[in-house]
Amino acid sequence: MEIKLNDKKLDVSLDNENSLGEVLAGLEQWLTNAGHRISELNIDGSTVSASMIEDIFNKEIKDIKTLEIRTNVIAELTAASILNLFEDIKEYESLTFEQKSTFYNTWKETPTARYISTEMKDLYTFCFNTFSLGEMNPDTLRSITEEIQREVNTPVSEFKNIEPLLNEICERLIRLPLDIQTGRDAVAAQTIQIFAAVSEKIIRIFRQLDSQGYLSVVKPEDENEKPLATLITGFGNILEELLEAYEKNDSVLVGDLTEYEASPKLKKLYAAILKNIQITAELHDKQGAK
């Protein structure tokens, strides 16, 4: 079976796969990791419709001569969905009170809403709070959407721009146990909120950088230096532990986690991603010069 991706023949060996479903499962994971999503399938010149998907999965590859796959770049789909959301917010603002009460029921069935609900669950929650519950002001939703748009369109710049905020929150994390012990609950709560927001933003941008090709699998120069995927996982675990300790008001554990784990690991993660961006850019420059 010959496989073509966006009109280009793929050089792949199908040793263990017998059915089309097995082939597509492997290809879909590979494409997702590369920032792509399957948009169209053709088998021996015939387009596969949505209703045919389940049936063709069991089709044996020995009975297929050519599989043609077309993809969309996830970053482009995200950018388009964000532009559509801006128009949706504008439309919502122009409605009467009565019209606003039914807007969400129609909006949630649109391609934009379905894409956001799958790919940007946090943003979808904000949309729900605005369009359905009316708890969030449309201007706030627009501001959040603009931030996510920057993360998609200019992820490197957006990542570099958060360094001052990151340094500030790391300093506040070190002071967090004292704030808790001295009854500065409002300050402590704000620190946790900002820390969580900065952490989530770094992870969001990391995903964009990875899917858009700004990162590469670079072996650390130091043998003791951990790869990015390991740093991300480890930091995620620390984030969960810290939030749980804070909710339990365990100031001793919070102090240990913020000073010796959360603050230094957040800085280390940020520095590692930034270094990978720079190394990857240099590799691309060298390849382009050849």
> Among (1) surrounded by fewer than 19 Cβ atoms within 10 Å (Cβ to Cβ); (2) within 24 Å of the chain's Cα centre (by Cα); (3) modelled with pLDDT under 90, where does Ile203 come up short?
Replying inline: (3)
> Applying the selection to the range 11-31, what residues are modelled with pLDDT of 80 or more and more than 27 Å from the chain's Cα centre (by Cα)?
Replying inline: Asp11, Glu17, Asn18, Ser19, Leu20
> Would the range 21-37 turn up any residue that is crowded, with 17+ Cβ neighbours inside 10 Å, assigned to a helix (DSSP H, G or I) and touching a helix residue (DSSP H, G or I) at 6+ places or on another chain (Cβ under 8 Å)?
Replying inline: yes
> So which residues in the range 57-75 are more than 30 Å from Gln149 (Cβ to Cβ), touching a residue at least 24 places away in the same chain (Cβ under 8 Å) and assigned to a helix (DSSP H, G or I)?
Replying inline: Phe57, Ile61, Lys62
>> Tell me the residue from Leu209, Leu239, Leu243 that is within 18 Å of Lys160 (Cβ to Cβ) and either at pLDDT 90 or above or in the same structural domain as Glu163 (by TED's automatic domain parsing) (or both), please.
In response: Leu209
> Listed residues Glu119, Glu109; which is under 29 Å from Asn33 (Cα atoms) and surrounded by 12 or more Cβ atoms within 10 Å (Cβ to Cβ)?
Replying inline: Glu119
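Only one of these is of a type in the set (D, E, K, R) and in contact with a helix residue (DSSP H, G or I) (Cβ under 8 Å, 6 or more places away or on another chain): Lys248, Lys160. Name it.
On the way: Lys248 fails: in contact with a helix residue (DSSP H, G or I) (Cβ under 8 Å, 6 or more places away or on another chain).
None of the other options fit; the residue is Lys160.
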>> With at pLDDT 85 or above, touching a Lys or Arg at 6+ places or on another chain (Cβ under 9 Å) and among the acidic types (Asp, Glu) as the only criterion, which of Asp88, Asp44, Asp63 stands out?
In response: Asp44
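The values are calculated or read from the model by the stated rules, or taken from the named source; none is laboratory data. Note that the structure is predicted; figures quoted are calculated from it, not measured. Virtual Cβ from ideal backbone geometry, glycine too; neighbours counted across all protein chains shown.
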